[in-house]
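Each remark here refers to the structure printed beneath this line.
The values are calculated or read from the model by the stated rules, or taken from the named source; none is laboratory data. Bear in mind that the values here come from a model prediction, so they are computed numbers and not experimental data. As a convention, Cβ positions derive from the backbone with ideal geometry for all residues, glycine included, and neighbour counts pool all protein chains shown.
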Amino acid sequence: MANKHTLFSSPEATAPALRRAERTGFKIAVIGRTAAVMLIALAYLLSYYFPINVGIFGITATIALGGLTSLAAIGTRYEKQARFALFAFDATAVTVLLAFVPLSSGGNVPQNLVFLTSSVQHYYLVVAAAILTLSPPLVLWTGAWAAGGLLFATWWILSGMEQVVSYNNLPISPPRDVYIDTVLNPNFLGIASRIQEALIIVLVTAIAALAVHRARRVVSDHAKAEASQRRVQNLFGRYVPAPVLRELLDEGHLVPQTRLATLLFADIEGFTRLSEGMHPTKLVHFLNEFFTAVTDIVDQNGGVVVNYIGDAVLISFNAPLPVESHADRALSASREILAMTANRKFDGIPVRLRIGIATGLIAAGTVGAGDRQTYTVYGDAVNLAQRLQELNKEIGTDCLICGATARHARNGLLTRLGMFPIRNLGAPIEVFGHKDEPLVTG
């Protein structure tokens with residue numbers, strides 16, 4: 001075939017799709033992160049007294065809108081660094097909120113009580129935004145900053161406390177009053193709970209990264225499927241009718257296959273003499289017109305043009321797409337092709353064809369190396385069809401058919417011509433012709 005393409009997807013084939021997915025995901029993450037932080041800013045505005053609420057709103061809104069600046073790095077060499085920097089900044093902002101932002105403007109409120117608020121949950125918003133980027137390393141990076149930030153905030157608050165009350169201060173099976181007095185103590189930090197929260201962040205991040213990895217696999221598989229479809233279209237789209245092409249794509253017939261098929265080999269008689277002195281452009285136009293007419297007939301009979309070889313064409317029935325009565329279809333196509341060439345000129349030039357038809361077990365699939373592959377068929381039937389085409393010249397016929405094809409055909413419109421020796425074959429074979437062919441004894 002004219003188009004030769006690899007049928008195997010390489011990482012390079014899917015990398016562009018993954019980069020596009022990451023870039024789009026990062027845009028969505030930045031916009032979603034900005035919207036989420038702005039909602040938090042509005043919640044602060046409604047939760048605190050004036051003018052403290054305005055100040056907190058302003059700081060939070062600045063953080064929210066400031067993240068939009070990272071979009072400017074998209075398409076530059078700093079794009080990847082900008083992604084990691086943004087999520088490290090967001091995780092750090094939550095850490096600052098935990099460790100340094102006072103719980104009350106009135107002062108004297110122990111900072112360790114911040115763990116009684118929902119501030120720690122802000123880390124999960126940052127991790128959730130990172131998931132949208134479809135980058136497992138970025139998700140793990142964000143989770144590491146979040147868990148590390150929580151542990152840092154815990155250590156910082158712990159280092160500033162004169163007295164620390166934790167779960168270790170509880171007796172075994174504490175009564176209700178003792179438990180409440182301990183966990184509600186202003187000096188209670190609950191170090192074990194903080195470590196557990198950090199561990200949960202790590203576990204959630206790991207699960208999220210795994211989910212993102214699987215999502216990337218989906219994107220990659222989808223990209224490979226699209227690439228495979230494009231290659232099949234390039235390989236067959238110009239020579240195979242659309243319904244056949246859809247079946248090839250849907251049923252995966254491009255994998256190597258072995259099956260019984262009927263091969264038709266057609267060659268223009270006297271092509272060398274015919275093409276002498278013909279301008280190359282006119283010759284190509286002539287061949288294109290001829291091949292188009294032949295291919296139309298092949299399509300109507302359920303065959304597939306496997307190769308155009310100079311002025312010859314190799315046609316397969318029952319491979320790569322299975323069809324019923326492949327021998328009859330090949331015989332029907334040969335009659336129509338001969339009738340068409342007998343009553344038509346191509347670019348003003350009359351032609352006469354020699355056709356050979358053979359049925360047998362063939363191997364079909366793509367062959368080649370790297371990105372120079374093509375679909376073809378191999379087997380004795382392929383060679384026999386070509387030899388029968390050549391035999392026409394010796395006995396003065398237009399179409400010769402092997403005995404195997406005649407035995408598989410059902411229309412009975414064939415005439416036995418006899419046994420003929422075939423080049424490169426050890427024993428003569430039984431040869432048939434259409435009933436309108438001259439009888440020859442062998």
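Taking Thr397 as meeting all but one of (1) in a loop (DSSP other than H, G, I, E, B); (2) modelled with pLDDT under 90, write down the number of the exception.
Just one mismatch for Thr397, condition (2).
Only residues in region 1-28 that are of a type in the set (Ser, Thr, Tyr) count as the first member; pair them with residues that are crowded, with 17+ Cβ neighbours inside 10 Å and at pLDDT 80 or above, Cβ under 9 angstrom, at least 6 apart or cross-chain, and list the lot.
Thr24/Leu134
Could you tell me whether any residue of region 160-177 is outside any helix (DSSP H, G or I), free of Cβ contacts under 8 Å to residues at least 60 places away in the same chain and charged (D, E, K, R)?
yes
Could you tell me which residue of region 59-78 is nearest to Pro102 (Cα to Cα), considering only residues that are surrounded by 13 or more Cβ atoms within 10 Å (Cβ to Cβ) and without any contact (Cβ under 8 Å) to a residue 12 or more places away in the chain?
Among them, the one singled out is Ile59.
Mind listing just one residue for me: the one in region 29-46 that is surrounded by 16 or more Cβ atoms within 10 Å (Cβ to Cβ) and among the hydrophobic types (A, V, I, L, M, F, W, C) and, of those, farthest from Thr60 (Cα to Cα)?
By that ranking, first place goes to Ala29.
Take the residues of region 184-236 that are more than 17 Å from Ser135 (Cα to Cα) and hydroxyl-bearing (Ser, Thr, Tyr): which is modelled with the lowest pLDDT?
For region 184-236, the residue satisfying everything is Ser228.
Is there a residue in region 270-290 that is in contact (Cβ under 8 Å) with a residue 40 or more places away in the chain and not in a helix (DSSP H, G or I)?
yes
Against the condition modelled with pLDDT of 85 or more, hydroxyl-bearing (Ser, Thr, Tyr) and in the same structural domain as Val202 (by TED's automatic domain parsing), how does Ser70 come out, does it pass?
Yes, satisfied.
Does Val255 satisfy the criteria of being assigned to a helix (DSSP H, G or I), of a type in the set (A, V, I, L, M) and either at pLDDT 70 or above or farther than 15 Å from Ala17 by Cβ (or both)?
Answer is no for this residue.
Can Gly348 be described as more than 33 Å from the chain's Cα centre (by Cα) and modelled with pLDDT of 95 or more?
no
Between residues in region 118-145 that are free of Cβ contacts under 8 Å to residues at least 40 places away in the same chain and farther than 12 Å from Ala211 by Cβ and residues that are of a type in the set (Val, Ile, Thr) and surrounded by fewer than 24 Cβ atoms within 10 Å (Cβ to Cβ), which pairs lie under 9 Å by C-beta distance while being six or more apart or on different chains?
Ser119/Val94; Ser119/Val101
Which of (1) over 30 Å from Leu18 (Cβ atoms); (2) in contact (Cβ under 8 Å) with a residue 60 or more places away in the chain does Pro102 not meet, given it meets every other one?
Exception for Pro102: condition (2).
For region 92-107, indicate whether the set of residues that are in the same structural domain as Glu22 (by TED's automatic domain parsing), buried (at least 16 other Cβ atoms within 10 Å of the Cβ) and within 27 Å of Val218 (Cβ to Cβ) is non-empty.
No: zero hits.
Would you mind stating whether Ala330 is at pLDDT 95 or above and under 41 Å from the mean Cα position of the chain (by Cα)?
yes
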